Ligand SMILES: Cc1cc2nc3c(=O)[nH]c(=O)nc-3n(C[C@H](O)[C@H](O)[C@H](O)COP(=O)(O)OP(=O)(O)OC[C@H]3O[C@@H](n4cnc5c(N)ncnc54)[C@H](O)[C@@H]3O)c2cc1C
Ligand SMILES: Cc1cc2nc3c(=O)[nH]c(=O)nc-3n(C[C@H](O)[C@H](O)[C@H](O)COP(=O)(O)OP(=O)(O)OC[C@H]3O[C@@H](n4cnc5c(N)ncnc54)[C@H](O)[C@@H]3O)c2cc1C
Ligand SMILES: Cc1cc2nc3c(=O)[nH]c(=O)nc-3n(C[C@H](O)[C@H](O)[C@H](O)COP(=O)(O)O)c2cc1C
Ligand SMILES: Cc1cc2nc3c(=O)[nH]c(=O)nc-3n(C[C@H](O)[C@H](O)[C@H](O)COP(=O)(O)O)c2cc1C
Ligand code: FES
Ligand code: FES
């Protein structure tokens, strides 16, 4: 097919403030797509920028995609400040590799922050495939909690907050250790900050439990040609080989998201920072 | 679809000498096509040239096209001199507009020379649509006669030769006048030299009988952009609006094939020759 | 028409050349006979450019001359034309029956040929001239002229001196450079049309031969539109006052909008006719009109170059 | 391998650069880190060209930087690279684990930058250098250098004077002219790689804006192959002795065959990786091998430029 450009026009039909920094955007697309859980879209705001955002949900019949967007910088800031119901964005995707789903598996899902987004869509799809779900959600403070009731409908859900206002006081990891000690899971899925993912990977590795994680790097082309989103030393590309990877890659990773995410000269110097 | 080029490789599997100048080539195509009677192919012989040839038959299951080729000049001469079973040519098509077929109609088909080619394929298709066929074939001499038995199977066939060796002595037109005086036809189809077609058009016009003719002009692009195959004064293009036209256009034609066919500076000067 | 007021003005002016709408039949496609020009007018075109005409008749290259690649076309017709002495009559006849402007495309190998052909075309009644400085596959013509900016400027100056009608330069993408165009404007050029086809070839690996008899030809069609858009964008940014005819890959009303947004006052339509036939003109005019209504533009002029102001 | 003797020689030589097969990762695609280069070697490439490296780090342009059009791509990455001082380490590390040749792509705004970067790249262990004279969307770099034939010749001469390794010039289609190349050869160039992307843009008519943040970018992919083929054909006809790397729209073994037939000794593979991933290298090598067997060619060398002799 000869394309005009790969962007599907999309109109915001609903915005929900989830926490101080995080909002949920329900957007109606002009064309149907078929995202799988874990895949992401590139969201283009003309004259502002283009960023990768995971599918938090997809309502096929109505061509509605749900995006959960945390305010971090230029583009996400612009969206939160300027976008209203009726505002337009342009979506290219779905891109990347999705989570693996095994029928009837006993699954543990864990995540924090906007990492809940892909997990929510995953949880829905897992249920469709008759999986049993245990869900662990971690938040910084009580005021950061969101989506909990939506998850409770899908499976047995536990929460941790560092200030202890809701659920267990502590982090995801505290809950994880307890849960993993009392039961075996066929599959663990995790999504959140990379330090957290590494800890989860170590635990799962020790317990010999398969783990899939969703990873982040700066995304430029999104189609596996520019090399920006590389994970060292494997040479795997987040946009193409990921964003969902086997948790094992976290055990040997060399360039971490914290280094990679700085949109400064540092990003481009990733080669150098690895060397040290 | 992204094409490499529009040419389908084709291999000659059978050659039959029909008359001194005319041969029948059965070629097996690498890819299936779906020609309708009256449509043509551009046959490309690398390093030699490319010419328009009508489909004389198409055996769908085996992807075999039949071309009846008269020797006239460079490319047709090359084909007759060099092509054997196993030789390769390249086919682009089907191109152009086909004959109109009305279910159950009473049809008169007439043609001469390699004009029989499209008529044969047409006759087969008409029979499939339960039409009744009267066929008139005209040849110069007894030695020019071909395809007659193939036509006889399909309908009531009469022949004329100018030397009288086979069939009626005289031309197609003599037979036509007789036939048209004794019976009415729903549709007349004709294919042959343009002088002949004009005479047929005059007769059909007088009798108020619908006529479709297959026309020729020099074909360059074959896709309706270069304008080479134009028929004046209508501006109709043989490669795109034809080669099959309503016989009426013959009554007002300004540039005749004889002028147009000379591959000399004359062709390019068509504009001028019209002016006179 | 009665119950819906026509709110959008489709007329465009390219200097003194007035078009009822911004669609222009581009040079080399169907503009070879009065009858075809008439059909193009009836199909709804705003103007017609003739095939490039040379002094002497040219037979052009042998078949194959045109290759459809799906995403574009490669052609090497070879400036096939009957020569201006014959074509003059074709234009005269066309002028009697056609009301939209006819732009005569002038070819030549040197100053003299350009001036000779231009003079004849004007005498025959052309409403404008377009100098072919860009055909990429006929040695000595087109691009070979256009690469020599001094010669080209001289040609423009001379042709302008004999012409009261607007004169346009048809440029190739590789010659649409700032320093070239500055000189053309100094020389008096009125309009710029860009782009012509890009030198290209098609290879058949089964026969191990080129497909075109001339070996090389010119690439046109949808796939060159990104290149044409950048050329028109660049020229309009540097020279916002010169009217531009955007040519290259216009295949529907959306591509016409793209061309106009980046700076074209009118759009040329060429090889898309292979796929869509002549109905493309009305399709584009209708689609463009509807788009402008929806976006609230009153005239094509307001849409021209809008991307630079948005 | 045991019961079928390997009758076809896939090795190619570009001057003193020896490739196990004629597929080369083209500059700007994945050649940004040692780990990616390793993956490309494992995928079966014959050689790797690095991203174009400049003296200072360059962040490149903001998103969007890459647009898929179906028939091709328009990109404006903006020569994003960490600068040669950092990239030197990447090359050193790559050289330790990679056996196929690494061609360092050198970028610069002037003679000094080219020489500085070239020197560093050589010291880090590059097996060859490629001078980027053709990137179409970074002002001051690439095509802006390549359009100045005198400066370019000087750069070639200087780089050659410090390099014992073969040096290639990466040309754009519009600068691949006979009189340019003559001078490059006089200046000592060893290899020519062509073509780079063509200046292009993509417009979104719904938002009425350009899609790329940089507005203009470069067109690559299948749709530029007809242009690249004509460039390689033209160069090989005029200069049959200079080894050519044919780049532009190579998307499968058939397009590699086309490139080699018209005169390429090796083929560059770039944006096709977006569609096919890294498996494209083995696919091309296998397909090419089979084609040569069927057609009775013993070596890629025999196939190179065959269309000129057929
Ligand atoms: C596959 C994938 C899926 C994602 N899904 C979501 C999602 O569902 N919801 C959501 O809110 N965010 C998601 N992100 C992160 C999101 O893309 C970034 O937050 C966003 O690109 C920041 O853009 P900005 O212009 O607002 O920030 P910038 O102005 O570009 O940067 C502000 C800060 O954010 C950091 N940053 C830049 N790029 C990224 C990045 N790719 N990831 C994280 N931090 C970054 C910078 O280093 C800087 O410190 C996802 C990222 C990836 C790679
Ligand atoms: C739609 C169409 C269908 C055709 N179908 C058949 C067919 O089924 N069988 C068949 O034998 N021929 C057919 N022809 C005619 C055939 O195309 C020509 O005979 C052929 O192009 C001559 O090529 P050449 O290189 O051998 O002759 P050239 O060397 O090009 O010319 C030799 C002589 O033939 C004349 N000539 C050139 N082009 C044509 C032409 N298009 N038509 C007629 N005479 C021409 C020249 O004026 C010259 O006098 C068809 C033509 C058209 C337009
Ligand atoms: C068959 C054909 C013939 C052409 N002949 C000419 C010509 O004679 N003079 C000219 O200036 N351009 C000629 N062109 C170039 C077109 O005018 C136009 O610049 C080019 O095809 C790009 O537009 P398109 O993509 O709409 O076809 C020709 C193009 C085609 C396809
Ligand atoms: C994303 C991308 C980045 C590129 N970066 C460079 C570069 O840094 N240096 C360079 O010489 N060419 C660069 N190019 C051009 C390619 O090397 C190649 O010449 C062009 O893309 C045509 O080949 P293709 O059609 O196989 O992609 C880049 C191309 C793409 C698609
Ligand atoms: S973002 Fe370009 S390769 Fe992943
Ligand atoms: S042959 Fe070109 S228009 Fe018919």
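FYI, it's all coordinate maths here, none of it is from the lab. None of these values were measured; they are calculated from a predicted model. Here Cβ is always computed from backbone atoms with ideal geometry, including for glycine, and neighbour counts include all displayed protein chains.
Some observations on this one:
- An oblate overall shape is assigned to the stretch A:71-184, the ratio a/c of its alpha-carbon gyration tensor axes (a ≥ b ≥ c) being 1.5 or greater and a/b not exceeding b/c.
- For D:227-237, mean number of other protein chain Cβ atoms within 10 Å: 5
- Placing a pseudo-label 7 Å from each Cα along the Cα-to-Cβ vector at residue A:31 and residue D:294 gives an inter-label distance of 3.4 nm.
- Protection-proxy order for peptides C:34-40, A:203-209, A:192-198, C:215-221, each taking the mean of Cβ atoms within 10 Å per residue, highest first: C:215-221, C:34-40, A:192-198, A:203-209
- Peptide packing for B:31-39, A:28-36 was compared via the average number of neighbouring C-beta atoms within 10 Å per residue; ordered from the highest value, the list is B:31-39, A:28-36.
- Sorting A:62, B:216 from the fewest to the most surrounding beta carbons within 10 angstrom yields A:62, B:216.
- FRET E, pair residue A:102, residue D:123, Förster distance 45 Å, beta-carbon r, rounded to 0.05: 0.30
- DSSP beta bridges confined to the protein assembly as shown are antiparallel in about 50 percent of cases.
- Taking the centroid of alpha carbons for each part, the stretch C:89-121 and the stretch D:265-287 are 49 Å apart.
- Computed over the Cα atoms of the stretch D:1-141, pair by distinct pair, the Kirkwood hydrodynamic radius stands at 16.1 angstrom.
- Calculated FRET value between residue A:148 and residue A:186, using beta carbons and R₀ = 22 Å, to 0.05: 0.35
- Spatial offset of the stretch A:35-112 relative to the stretch B:84-127 amounts to 57 Å, using the alpha carbon center of each.
- Helical runs (DSSP H, four residues minimum) scored at -39500 (n - 2.57) apiece and divided by the length of the protein assembly as shown put the mean residue ellipticity at 222 nm at -9000 deg cm²/dmol.
- 10 Å-binned pair-distance histogram of chain D (Cα, whole percent): 6, 29, 37, 21, 5, 1, 0
- Taking only Cα atoms of the protein assembly as shown, radius of gyration then Dmax in Å: 33.5, 112
- Value of relative contact order over chain B, rounded to a whole percent, pairs C-alpha under 8 Å and six or more apart: 15
- Percent of alpha-carbon pairs separated by more than 24 Å within chain B: 49
- Ranking of A:171, D:197, A:100 by count of other Cβ atoms within 10 Å, fewest first: A:100, A:171, D:197
- Relative contact order for chain D, counting Cα pairs under 8 Å that sit 6 or more residues apart, in percent: 19
- Three-way shape call for the stretch B:1-146 based on the alpha-carbon gyration tensor, with the a/c threshold at 1.5: oblate
- Ranking of D:49, B:19 by count of other Cβ atoms within 10 Å, fewest first: B:19, D:49
- The stretch C:215-229 and the stretch B:185-219 have their alpha-carbon centroids 41 Å apart.
- Ranked by the mean number of other Cβ atoms within 10 Å per residue, highest first, peptides C:252-259, B:64-71, A:246-253 order as C:252-259, B:64-71, A:246-253.
- The mean count of C-beta atoms from other chains within 10 Å of the C-beta of residues in B:85-97, rounded to a whole number, is 1.
- Using a simple spin-label model with pseudo-atoms 7 Å out from Cα toward Cβ, residue D:157 and residue A:59 lie 7.1 nm apart.
- Computed as a quarter of the hull surface, the mean projected area of the alpha carbon convex hull for the stretch D:73-140 stands at 5.1 nm².
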